Structures are given as structure tokens and as C-alpha cells.
1. Among the residues of the range 172-181, count how many are more than 15 Å from ligand 2 (Cβ to nearest atom) and either exposed (fewer than 14 other Cβ atoms within 10 Å of the Cβ) or in a loop (DSSP other than H, G, I, E, B) (or both).
2. Which residues, taken from the range 136-150, are closer than 16 Å to Gly182 by Cβ and either within 12 Å of ligand 2 (Cβ to nearest atom) or not hydrophobic (A, V, I, L, M, F, W, C) (or both)?
3. Scan the range 44-58 and tell me whether some residue there is within 29 Å of Asp148 (Cβ to Cβ), hydroxyl-bearing (Ser, Thr, Tyr) and under 15 Å from the mean Cα position of the chain (by Cα).
4. Among the residues that make up the range 10-24, is at least one of them away from ligand 2 (no atom under 16 Å from the Cβ) and touching a His at 6+ places or on another chain (Cβ under 8 Å)?
5. Tally time: how many residues in the range 140-163 are within 8 Å of ligand 1 (Cβ to nearest atom) and either part of a strand (DSSP E or B) or charged (D, E, K, R) (or both)?
6. Taking the conditions exactly as written (free of Cβ contacts under 8 Å to residues at least 12 places away in the same chain and either more than 9 Å from ligand 1 (Cβ to nearest atom) or among the charged types (D, E, K, R) (or both)), does Glu166 satisfy them or not?
7. Is it true that some residue in the range 113-135 is within 11 Å of ligand 2 (Cβ to nearest atom), among the aliphatic types (A, V, I, L, M) and in a loop (DSSP other than H, G, I, E, B)?
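The values are calculated or read from the model by the stated rules, or taken from the named source; none is laboratory data. Keep in mind it's a predicted model, so treat the numbers as computed, not measured. Every residue, glycine as well, gets a Cβ built from its backbone with ideal geometry; the counts of neighbours run over all protein chains shown.
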Amino acid sequence: MKHLHISRSIVELGLGDYSMKGDPIINQFRLLKEIAGIFHNRKLLSEMSQETIAYSVQSWLPVAEGTPGGLFFGVSTIHPGKVGDEYFMTKGHFHAQSDRAEFYWGIQGNGMLILMDRDRNTWAEEVSPGSLHYIGGEIAHRLANTGDENLIVGACWPSDAGHDYEEIAANGFSARLVEVDGKPALVENKLK
Ligand code: S6P
Ligand code: ZN
């Protein structure tokens, strides 16, 4: 950062598919075998190809994780597919600093943002290109792809939010998003 110096940004977004390009980009892939526990029908899942990529996440963390006052940026791509009648989805999490909020926005494809509060009330918002979603603090969030193409979703969240995956890993959401009569529906999920 030199005085009077002009440069390009170090990260660029491909506005077609929103792929992020640049040095500091982190690429993560979640295979079915790594997230098996989130799906209801483990037997069906065990008969599917375990190496299938369920979703990938590109992120740019311009400051160290945990830094107060900074922002992180990410693009999540959830692949189309189902385990039985349950759509491919992300693990889902609360934020570790649980009052930290987040924005999501739909870029490509169709899906649902599944939300759950601390009292385990669960609801969902439809995600499609241009949909914008404010996820308040204390709200667990998860994306599911209900279409037949990739669901691509942008995200921006505070650099000190962190992730708490444990509560969802232990108890799940209180509802599952499944296909009923050809359409997505939330159905009650009993505590394990
Ligand atoms: C981070 C933000 C997203 C998710 C991504 C994958 O706070 O909500 O970048 O990390 O959608 O979901 P998950 O639940 O596997 O982290
Ligand atoms: Zn989050």
C-alpha cells in the first residue's frame, strides 16, 4: 500500500459463475462421506458414491480469523442431488460468537436457506438468483439445493463470527427439507 500507487484488487469474481480468483482464496470441498451424519437415511447414503462432492466453498479471509471489525467473503456451491427424498445441503452452523449476523444472496440455481433459532423453531427462505437474505445472530443456517443445477450463493460475515458446528452435529435442525409430491417441504425432525 504505497502512497499514490494504483493497482488492481487482489481478488476478482467471475460474474458468470461467481468463481473467485486470486492468491488468498481458500477452496474447500465437502464429500458425501464427510457429511454423512447430516442426512436422515444413512443406509441409502452408504449405497451412493462416497466421493461425490456435495458442496464446495470458496472464501477470502482478508484478515485473521477472529479479528474484530473485519469481514469475510465466500461463495458456496451446493451440487444438485438427494439422499432419498432429502436434498443435498450444507452442514449448517451457528456462529461461535453467536450474536454475529451474515448476509447471503442467491446467484445461480434454486434452493432453500434453512434457519433455526435457539428455541429450535425452524423455517426456510427460497433462494434464487437475486434473493437477498439477512441471517441474524443466534440463528443457525444451512443451504439446500432443490433444483437440478448447481446452487451458487454468496456470503459475507464478520471475521470474528467463527463457526459452531457442534450443536447441529449433535441435534440437527428441528426440521428436514425433503421432496414431497415433487416440491420441497419442511418436515419435523425428532431429536436423536
Ligand atoms: C460462513 C458461511 C458460509 C458457510 C458455507 C458452508 O459463516 O455461513 O460460507 O460456511 O455455506 O456451510 P457450512 O455449514 O458447511 O459451513
Ligand atoms: Zn455462517
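1. 4
2. Asn145, Thr146, Gly147, Asp148
3. Within the range 44-58, one or more residues are within 29 Å of Asp148 (Cβ to Cβ), hydroxyl-bearing (Ser, Thr, Tyr) and under 15 Å from the mean Cα position of the chain (by Cα).
4. no
5. Number of matching residues: 6.
6. Taking the combined requirement at face value, the residue satisfies it.
7. No.
Results for (1) closer than 29 Å to Asp160 by Cβ; (2) modelled with pLDDT under 95; (3) among the hydroxyl-bearing types (Ser, Thr, Tyr); (4) within 12 Å of ligand 1 (Cβ to nearest atom), shown as yes or no for each residue.
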site	(1), (2), (3), (4)
Gly16	no, yes, no, no
Gln28	yes, no, no, yes
Glu34	yes, no, no, yes
Phe72	yes, no, no, yes
Lys82	no, no, no, no
Thr90	yes, no, yes, yes
His93	yes, no, no, yes
Gln97	yes, no, no, yes
